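The values are calculated or read from the model by the stated rules, or taken from the named source; none is laboratory data. Computed from a prediction, not measured in an experiment: that's the story for all the values here. Glycine gets a Cβ as well: all are built from the backbone with ideal geometry, and neighbour counts include every protein chain shown. Just the protein is used for accessible areas: all its heavy atoms, side chains included, with ligands, DNA and RNA removed. Shrake-Rupley method; radii C 1.70, N 1.55, O 1.52, S 1.80 Å.
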Amino acid sequence: MDALLFLLFAAIAVGCAINLVLQTHPISSALSLVGVMGSLAVLYLLLGGEFIAAVQLIVYAGAIMVLFIFVIMLLNAGAEQKPTRNILRAAVALPLLFTLLAIGAFLVASQTPSTDVVKFGSFIVGGREIGSALFTTYLLPFEATSILILIAILGAIVLARKEI
Amino acid sequence: MPELPIALPAHVPLSWYLILSVILFVVGAAGFLLRRNIITVFMCIELMLNAVNLTFIAFSHQLKQVDGHIFSFFVMVVAAAEAAVGLAIILTVFKNRSTLEVDEVSSMKL
């Protein structure tokens with residue numbers, strides 16, 4: 001059952017990711033990205049990350065994608081024009097990328113022992129564990145993220161002002 | 001439940017998750033290199049960040065430690081901040097140049 005669920009949602013994730021790259025209209029790409037993020041949330045659940053799956057859905061698939069779609073609609077971004085000199089770039093980039101993919105898959109397959117299996121329910125991280133780690137061991141990075149968010153808000157306001 | 005035609009393992013090996021993460025990262029990198037619309041380039045960056053998050057969660061499950069979840073949480077926070085600032089930059093670029101092509105924005109070129 002685990003393998004079936006994994007294969008189903010991995011196929012959805014990869015299909016949506018490839019669709020993201022192939023679509024010419026930004027809105028279609030954004031909707032494909034929502035599909036990737038939703039299926040990744042299910043995969044996090046299979047790995048026992050309850051809290052992180054919820055955060056993935058709320059922050060990524062909710063907030064960040066709304067921001068993207070809002071900007072796409074605000075800019076009235078149409079479809080990309082047909083690429084002119086993209087063929088040369090694709091001819092160089094794609095073999096390199098597939099080499100990267102092959103090297104990565106080979107390293108993963110050769111380095112991880114095949115006895116390591118992911119059993120659903122053997123290790124579940126809920127909000128309690130995350131919270132206790134976040135407010136004891138990782139308190140300083142957590143406080144630093146609050147400053148980071150404040151700076152990001154101020155930067156976005158300054159950048160999006162009328163005159164610059 | 002009827003028998004499946006191919007024998008699926010009852011539990012997924014950890015390496016399947018890592019290979020899925022590699023595939024998503026490479027697709028994101030390909031989109032980053034090949035696409036010209038700046039918003040799509042931005043979405044490909046988000047895709048690569050998500051692939052890295054999947055690796056964090058998978059290793060966290062293997063090592064039975066919470067730290068990977070914390071790191072992916074921080075990645076999400078930084079990605080949210082980055083999306084806010086980046087989209088503001090995109091708005092400003094569009095306002096000044098009225099284009100979304102990454103090749104057109106070349107004022108820093110010598």
For A:V118, residues with placed amide H under 5 Å, excluding near neighbours: B:V12, B:L14
18 Å reach of a label modelled at A:Q111, 7 Å along Cα-to-Cβ, counting backbone N of the stretch B:8-35: B:13-26
Dipole in debye (nearest 20) - the stretch A:2-122, about Cα centre, beta carbon charges: Lys, Arg +1; Asp, Glu -1: 420
Distance from the stretch B:4-66 to the stretch A:35-106 (C-alpha centre basis), Å: 10
Total accessible surface hidden between B and A, rounded to 100 Å², 1.4 Å probe: 7200
Hydrodynamic radius (Kirkwood) for the protein assembly as shown, which is based on Cα pairs only, to one decimal in Å: 20.0
Cα centre as origin, Lys/Arg/Asp/Glu Cβ charges: chain B dipole, Debye: 240
Carbon + sulfur, % of accessible area of chain A - ligands and nucleic acids excluded, 1.4 Å: 75
Exercise: per-residue mean of other protein chain Cβ atoms within 10 Å, B:41-47: 6
Average accessible surface area per residue within the protein assembly as shown, 1.4 Å rolling probe, Å²: 51
Helical contribution to [θ] at 222 nm, DSSP H n ≥ 4, -39,500 (n - 2.57), averaged over chain A, rounded to 500: -23000 deg cm²/dmol
Kyte-Doolittle at least 0.5, axis length at least 18 Å by Cα - qualifying DSSP helices, chain A: A:2-22, A:26-46, A:86-111, A:139-159
Gyration tensor over alpha-carbon atoms, the stretch B:37-104, equivalent ellipsoid semi-axes in Å: 33, 12, 5
Positive-end extreme of charge dipole, the stretch B:37-104 - chosen from B:I70, B:V85, B:I38 (charges on Cβ): B:I70
